[in-house]
């Protein structure tokens, strides 16, 4: 079955440190992967996506994600965390059977000053 | 460029009442999505429109939920009658084309509380 997993409910990082939010996926065909961020009482905002090409994808707000086919992962990263990065982060993968997005359960990122 | 607009932002109703949500997508976007997001979970697709036609409504509880997108622009989602388990945030999103890899842009959502 096609799926996406975000193994960490919450990630705590000190401001200025690098951050990683993990995402793994399972699809039968080529993976199309997305990261979104959700701030309190707001809708989801697009960060970046991997369709094809370079395994390192750069996105909004200084975020990047590394596509790793052998590990079926698409981890979100940022070299230096800001307190304002505190939010809920969602990974999604396109379902090959119906072309809809399969969403992870989300990871709460807390950046401490 | 204006984003996806939704109204109302918040709604509180009693069970068995009806409620409607409105969405105005980004101008020129062909595809419109309605999602249900329950607290602590990722979004769940309810229905997808391309222009004014339904592409996927397989997860829409059709005995109580209905949606339309007249003239391929604005859309409304209705629940009648509401149940307690319908308490959630209802998100509208739109994308420019019909390719499933197109980026979806989300509105702020409508938070529904059913008492």
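Listing for the model above:
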quantity: Equivalent ellipsoid dimensions for the protein assembly as shown as semi-axes, Å, which come from the Cα gyration tensor, largest first; calculated: 30, 20, 16
quantity: For region B:1-40, alpha-carbon Rg over 2.2 N^0.38 Å; calculated: 1.45
quantity: Chain lengthening between residue B:80 and residue B:16 when straightened (0.36 nm per residue, less Cα-Cα); calculated: 22.3 nm
quantity: Potential lengthening between residue B:50 and residue B:66 on full extension [0.36 nm per residue; Cα-Cα distance subtracted]; calculated: 4.1 nm
quantity: Dmax and Rg, reported as Rg then Dmax, of chain A (C-alpha, Å); calculated: 13.5, 44
quantity: Between region B:8-47 and region A:4-27, the alpha-carbon center distance in angstrom; calculated: 27
quantity: Relative counts (whole %) of C-alpha pair distances in chain B, using bins that are 5 Å wide; calculated: 2, 13, 24, 26, 19, 10, 4, 1
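Computed from the coordinates by the stated procedures, all read-outs in this text should not be read as laboratory data. Keep in mind the model is a prediction, meaning the values are calculated, not measured.
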